[in-house]
1. I'm checking my understanding of the structure. Among residues of the range 135-154 that are of a type in the set (G, A, S) and part of a helix (DSSP H, G or I), which one is nearest to A105 (Cα to Cα)?
2. Answer yes if at least one residue in the range 161-178 is outside any helix (DSSP H, G or I), closer than 22 Å to A77 by Cα and open to solvent by 20 Å² or more (accessible area, probe 1.4 Å), and no otherwise.
3. Test each condition in (1) buried (at least 17 other Cβ atoms within 10 Å of the Cβ); (2) modelled with pLDDT of 95 or more; (3) not hydroxyl-bearing (S, T, Y) for G45 and report the one that comes out false.
4. Of all residues being surrounded by 23 or more Cβ atoms within 10 Å (Cβ to Cβ) and of a type in the set (G, A, S) in the range 105-119, which is farthest from H165 (Cα to Cα)? Just the residue, please.
5. From the list A132, A50, exactly one residue is farther than 24 Å from V161 by Cα, part of a helix (DSSP H, G or I) and either out of contact with any Pro (no Cβ under 8 Å at 6 or more places or on another chain) or at pLDDT 95 or above (or both). Which is it?
6. Just the residues that are open to solvent by less than 30 Å² (accessible area, probe 1.4 Å), among the hydrophobic types (A, V, I, L, M, F, W, C) and more than 12 Å from the chain's Cα centre (by Cα), please, taken from the range 91-104.
7. If I ask for residues that are over 26 Å from V61 (Cα atoms) and not charged (D, E, K, R), which ones from the range 109-143 would you list?
8. Could you pull out the residue among E154, E130 that is farther than 17 Å from L24 by Cβ, out of contact with any His (no Cβ under 6 Å at 6 or more places or on another chain), open to solvent by 70 Å² or more (accessible area, probe 1.4 Å) and without any contact (Cβ under 8 Å) to a residue 24 or more places away in the chain?
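The values are calculated or read from the model by the stated rules, or taken from the named source; none is laboratory data. Keep in mind the model is a prediction, meaning the values are calculated, not measured. Cβ placement follows ideal geometry from the backbone for every residue including glycine, while neighbour counts extend to all protein chains displayed. Please note that ligands, DNA and RNA were not included when accessible areas were found on the heavy atoms of the full protein model with its side chains. Shrake-Rupley method; radii C 1.70, N 1.55, O 1.52, S 1.80 Å.
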Amino acid sequence: MTDLWSERAEAYRTSETHASGDDLDLVVEWCAPGPGVTVLDVATGGGHVARRLREAGATVVTTDPAPGMQADTTAPAEDLPFADGSFDAVACRIAAHHFADVAGAVKEMARVARDRVVVCDNVFVSETSEEADRLRDPSHVRNYSAPEWHSFCELAGLRVVDERHFLRDTDLADWLARVNCTGETADRVRELLGDRVADGRLGLPTVVLKAAK
């Protein structure tokens, strides 16, 4: 999977849906960036969270399991190579649905955070939609509901203090092309998504949670 994501790196750096959005704005805001604030960006991907945080004056360290993503440290979210309480805040945006052990990853993020963890990810819609996600991208593990996210945070010793929901409007053709999903496979994904697609656009339900230690 790491080599696969290295191959996809440029597509994620230039992805409009990853580079902008109200959810990205909120992740940055809830990390409370500024001079003297340290933030760990987990599974940084195209680096959009880190870029925005640095622009706001924070000191940011990035991690990603894929070397091609060119993070500061190559590491999975489930095994972060940092001491307890190394960062004021830890952020993770639109990545956790790929984690092999999402509960373990949240525990690791909580461990290295001094104050708060901010997580943003797609939300579970239905088993049919999960099938579409896995068919489009076999590295997809699962989207989770907001209550499941609350459970992950509670198990990690975190308390959810705020939660917002968004519908990220995404170009379907771009969404498929980003992971090279074409031909009959793409046709089947469209069929499975059904009325979630309108005028070539796909709505991606998304949750952002701020959890305190």
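1. S151
2. Looking through the range 161-178, at least one residue is outside any helix (DSSP H, G or I), closer than 22 Å to A77 by Cα and open to solvent by 20 Å² or more (accessible area, probe 1.4 Å).
3. (2)
4. The residue in question is A113.
5. Answer to the selection: A132.
6. Answer for the range 91-104, where residues must be open to solvent by less than 30 Å² (accessible area, probe 1.4 Å), among the hydrophobic types (A, V, I, L, M, F, W, C) and more than 12 Å from the chain's Cα centre (by Cα): just A103.
7. Matches in the range 109-143: V123, F124, V125, S126, T128, S129, A132, L135, P138.
8. E154
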